[in-house]
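The values are calculated or read from the model by the stated rules, or taken from the named source; none is laboratory data. Computed from a predicted structure; not experimentally measured. Note that we place each Cβ from the backbone using ideal geometry, even for glycine, and neighbour counts take in every protein chain shown.
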Amino acid sequence: MKVTFLGTGTSHGIPMLGCGCKVCTSPDPRNRRMRPSVLLQHDKQIIIDTCPDFRTQLIRHPIKRLDAVLFTHWHADHILGLDDLRPFNYWQSGAIPIYGNAQTLERIRKVFAYIFDPIPYEGAPNVRTQLIEGPFDVDGLAVEPLQVFHGKSEILGFKIGDFAYITDASFIPETTLAQVRNIGCLVLNALRYQPHPTHFNLEQSIQHIEKIQPGRAFLTHIAHQLDHQEVENTLPAHVRIAYDGLALEL
Ligand SMILES: [Zn+2]
Ligand SMILES: [Zn+2]
Ligand SMILES: [Zn+2]
């Protein structure tokens, strides 16, 4: 499976509008981060989250077919690109399945009410909601949902084979830690140095990586307080900060 990081930034993206800090004005391209999303390519092509930068991301990483979208949760930085699924309806037949937990699908139905009208207008994307209640498969590709907490909200990470993707976590239950322990490749969120009420900071993220003991780990959902190279210099060799466009062959 190939994993491509389409975006690795926090909700504002980097540069953050109006900010002149050293990371937002950095010449290092790895410090330019779109909102968080990954593309998984095996026999199937799957996107995790349709962020507001979805269209730009897929211009950079063109695909002709999209088999499914998995949603971690409903926050704006993870869903607002949903309308840009429409071109795929042009290239492929049938509704595109979009997977999420009950709260995520309920919010998506509200935010994108026009998509779910009894007779949607002809410009609406053709999607089919798929409620995640346990392990499922996308045309034969097995996906295990991972229960994590984002502040008080219960959101989802995903485990596919030897790869796990967890973003926006501030607490990981023991049962989920057991599901991903010793996994080959882990993606985990690390926002900034300072603590945050609903996201792991860098220190908490590293502590969880130590507990999980993955073969290698990549940090995502990065805010502008973290300079790519500066942080990477302090990390153990098997832990890297992801950057937009980074592709892994698993
Ligand atoms: Zn987020
Ligand atoms: Zn900044
Ligand atoms: Zn969030």
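Miscellaneous remarks
- Within region 12-27, being surrounded by 18 or more Cβ atoms within 10 Å (Cβ to Cβ) and within 16 Å of ligand 3 (Cβ to nearest atom) holds for one residue alone: G13.
- Every residue from region 136-149 that is out of contact with any helix residue (DSSP H, G or I) (no Cβ under 8 Å at 6 or more places or on another chain) and either farther than 27 Å from S93 by Cβ or among the aliphatic types (A, V, I, L, M) (or both): V138, L141, A142, V143, P145, F149
- Within region 42-78, if we keep just the residues that are of a type in the set (V, I, T), within 15 Å of ligand 3 (Cβ to nearest atom) and over 17 Å from N126 (Cβ atoms), the residue that is farthest from the chain's Cα centre (by Cα) turns out to be T72.
- Considering N233, N201, N182, the condition of being on the phi > 0 side of the Ramachandran plot and without any contact (Cβ under 8 Å) to a residue 60 or more places away in the chain is satisfied by N182 alone.
- Region 32-59 - residue that is surrounded by fewer than 24 Cβ atoms within 10 Å (Cβ to Cβ) and within 16 Å of ligand 2 (Cβ to nearest atom) and, of those, nearest to E232 (Cα to Cα): R32
- Residue within region 210-222 that is under 25 Å from P15 (Cα atoms) and within 16 Å of ligand 2 (Cβ to nearest atom) present: yes
- Considering only residues in region 79-99 that are within 16 Å of ligand 3 (Cβ to nearest atom) and outside any loop (DSSP other than H, G, I, E, B), the one that is farthest from the chain's Cα centre (by Cα) turns out to be L82.
- Unique match (being of a type in the set (A, V, I, L, M), on the phi < 0 side of the Ramachandran plot and in contact with a His (Cβ under 6 Å, 6 or more places away or on another chain)) among L191, L131: L191
- Subset of region 1-11 (residues that are outside any loop (DSSP other than H, G, I, E, B) and crowded, with 17+ Cβ neighbours inside 10 Å): V3, T4, F5, L6, G7, G9
- Matching residues, region 1-53, being free of Cβ contacts under 8 Å to residues at least 24 places away in the same chain and within 14 Å of L66 (Cα to Cα): Q45
- Test: residue in region 211-227 that is in a loop (DSSP other than H, G, I, E, B) and among the β-branched types (V, I, T): no
- Cβ pairs under 6 Å, 6+ apart, first in region 209-225 and under 17 Å from A247 (Cα atoms) and aromatic (F, W, Y), second within 16 Å of ligand 1 (Cβ to nearest atom) and modelled with pLDDT of 95 or more: F218/V187; F218/A242
- Yes/no for P62 being more than 16 Å from ligand 1 (Cβ to nearest atom), at pLDDT 95 or above, more than 25 Å from A169 (Cβ to Cβ) and in a helix (DSSP H, G or I): no
- In region 130-152, the residues that are in a strand (DSSP E or B) and out of contact with any strand residue (DSSP E or B) (no Cβ under 8 Å at 6 or more places or on another chain): H150
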